[in-house]
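Asker: Input: one structure, supplied below.
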Amino acid sequence: MNVIFLDIDGVLNGGNYFDSSKERKHNFYKTNKYDKNNIEQLTEYMMIDIDIKNVEILKSIIDITNSKVVITSSWKNLKVFRNIVNRLINLGIPIVGQTVDSGLNRGEGILNYIKEYNIDNYIVLDDEIFKDYNDEILSRLVKTSFDEDGLDEKAKVKAISLLNS
């Protein structure tokens, strides 16, 4: 099975997208009298942070490589994480799990998942390099840029190449 270990911030969005979505977030807050305890509202609010263009790029990688997705993002600690996962699944992203880590040892979480589920082919989509990323993880890393657009066509080509090698 091909697995994509997926971060969210810096992959499914980026700084340029955040700049363009500020008004939408402000309007959502203003229009909905945003209540942080309302799970549906909080889910909608958080989904504004996900760039559908990047989701479509991810979906094309998945379709070409027949991959499944495991979430590594700190978003897994949000109280609306299950709702966000369901939204991504509804957008065609086959999420099969999440890593377990403290946030600072993301590499350990990835390695434990690989061992537990006997994963033999994977990539890591992330905009950060964590201190515990070993040489194996680094060789499978497709590094995106939060400062730009996150997941882009260049990263897509590298991801497909690594997963098909």
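Asker: Kindly provide the set of residues from segment 83-113 that are assigned to a helix (DSSP H, G or I), touching a residue at least 24 places away in the same chain (Cβ under 8 Å), closer than 20 Å to Leu138 by Cβ and of a type outside the set (Ser, Thr, Tyr), ordered by number.
Answerer: Arg106, Gly107, Glu108, Gly109, Ile110, Leu111 - these are the residues of segment 83-113 that are assigned to a helix (DSSP H, G or I), touching a residue at least 24 places away in the same chain (Cβ under 8 Å), closer than 20 Å to Leu138 by Cβ and of a type outside the set (Ser, Thr, Tyr).
Asker: To continue, here is another question. Got at least one residue in segment 30-37 being of a type outside the set (A, V, I, L, M, F, W, C) and touching a residue at least 24 places away in the same chain (Cβ under 8 Å)? Talk me through it step by step, then tell me what you get.
Answerer: As a first pass, look at segment 30-37 and keep what is of a type outside the set (A, V, I, L, M, F, W, C): 30-37.
Next, only the ones that are touching a residue at least 24 places away in the same chain (Cβ under 8 Å) stay: none.
Looking through segment 30-37, none of the residues is of a type outside the set (A, V, I, L, M, F, W, C) and touching a residue at least 24 places away in the same chain (Cβ under 8 Å).
Asker: Is it true that Val55 is assigned to a strand (DSSP E or B), surrounded by 15 or more Cβ atoms within 10 Å (Cβ to Cβ) and within 13 Å of the chain's Cα centre (by Cα)? I'd like the intermediate steps shown before the answer.
Answerer: Working: assigned to a strand (DSSP E or B): no; surrounded by 15 or more Cβ atoms within 10 Å (Cβ to Cβ): yes; within 13 Å of the chain's Cα centre (by Cα): yes.
Taking the combined requirement at face value, the residue does not satisfy it.
Asker: Sticking with this one: Could you check how many residues of segment 137-165 are over 23 Å from Gly15 (Cα atoms) and surrounded by 14 or more Cβ atoms within 10 Å (Cβ to Cβ)? Break it down into steps so the answer makes sense when it comes.
Answerer: Kept after step one, since they are over 23 Å from Gly15 (Cα atoms), are these residues of segment 137-165: 137-140, 160-165.
Next, only the ones that are surrounded by 14 or more Cβ atoms within 10 Å (Cβ to Cβ) stay: 137, 140, 160, 162-163.
The number of residues fulfilling the criteria is 5.
Asker: Show the residue pairs meeting these rules: Cβ distance below 6 Å; 6+ apart or different chains; first residue within segment 66-81 and at negative phi; second residue at pLDDT 95 or above and among the polar types (S, T, N, Q).
Answerer: Note: pairs meeting the criteria are Ser67/Asn2; Ile71/Gln98; Thr72/Thr99; Lys76/Gln98.
Asker: Applying the selection to segment 65-99, what residues are in contact with a Lys or Arg (Cβ under 9 Å, 6 or more places away or on another chain), more than 30 Å from Asp35 (Cβ to Cβ) and of a type in the set (Val, Ile, Thr)?
Answerer: Selection gives Val96, Thr99.
Asker: I'd like to know if segment 120-128 contains one or more residues that are under 29 Å from Lys36 (Cβ atoms) and surrounded by fewer than 19 Cβ atoms within 10 Å (Cβ to Cβ). Let's see the steps before the verdict.
Answerer: First, pick out the residues of segment 120-128 that are under 29 Å from Lys36 (Cβ atoms): 125-128.
Okay, now just the ones that are also surrounded by fewer than 19 Cβ atoms within 10 Å (Cβ to Cβ), so 128.
Within segment 120-128, one or more residues are under 29 Å from Lys36 (Cβ atoms) and surrounded by fewer than 19 Cβ atoms within 10 Å (Cβ to Cβ).
Asker: Residue check: is Asp101 among the charged types (D, E, K, R), surrounded by 19 or more Cβ atoms within 10 Å (Cβ to Cβ), under 22 Å from Met1 (Cβ atoms) and modelled with pLDDT of 95 or more? Full working, then the answer.
Answerer: Details: among the charged types (D, E, K, R): yes; surrounded by 19 or more Cβ atoms within 10 Å (Cβ to Cβ): yes; under 22 Å from Met1 (Cβ atoms): yes; modelled with pLDDT of 95 or more: no.
In short, no.
Asker: Moving to a separate point now. Kindly indicate which of Asn37, Asn77 is of a type in the set (S, T, N, Q) and within 21 Å of Asp126 (Cβ to Cβ). Spell out how you get there, then give the answer.
Answerer: Numbers: Asn37 fails: within 21 Å of Asp126 (Cβ to Cβ).
Asn77 is the lone residue from the list that is of a type in the set (S, T, N, Q) and within 21 Å of Asp126 (Cβ to Cβ).
Asker: Moving to a separate point now. Which one is farthest from Ser60 (Cα to Cα), of the residues in segment 133-163 that are part of a loop (DSSP other than H, G, I, E, B) and either among the hydrophobic types (A, V, I, L, M, F, W, C) or modelled with pLDDT of 95 or more (or both)? Steps first, please.
Answerer: First pass over segment 133-163, keeping only residues part of a loop (DSSP other than H, G, I, E, B): 133-134, 140, 144, 146-149, 151-152.
Pick out the ones that are also either among the hydrophobic types (A, V, I, L, M, F, W, C) or modelled with pLDDT of 95 or more (or both) and you get 133-134, 140, 144, 146, 151-152.
Numbers: Tyr133: 26, Asn134: 28, Arg140: 18, Thr144: 16, Phe146: 20, Leu151: 12, Asp152: 11 Å.
Selected residue: Asn134.
Asker: If I ask for residues that are touching a Lys or Arg at 6+ places or on another chain (Cβ under 9 Å) and outside any helix (DSSP H, G or I), which ones from segment 38-52 would you list?
Answerer: Ile48, Asp49, Ile50
Asker: If you don't mind, there's one more thing I want to ask. The conditions are (1) modelled with pLDDT under 95; (2) surrounded by 13 or more Cβ atoms within 10 Å (Cβ to Cβ), and Thr31 fails exactly one of them. Which is it?
Answerer: Exception for Thr31: condition (2).
The values are calculated or read from the model by the stated rules, or taken from the named source; none is laboratory data. For clarity, every value in this text was computed on a predicted model and none was experimentally measured. Don't worry about glycine lacking a Cβ; one is built from the backbone with ideal geometry, like all the others, and counts go over all protein chains shown.
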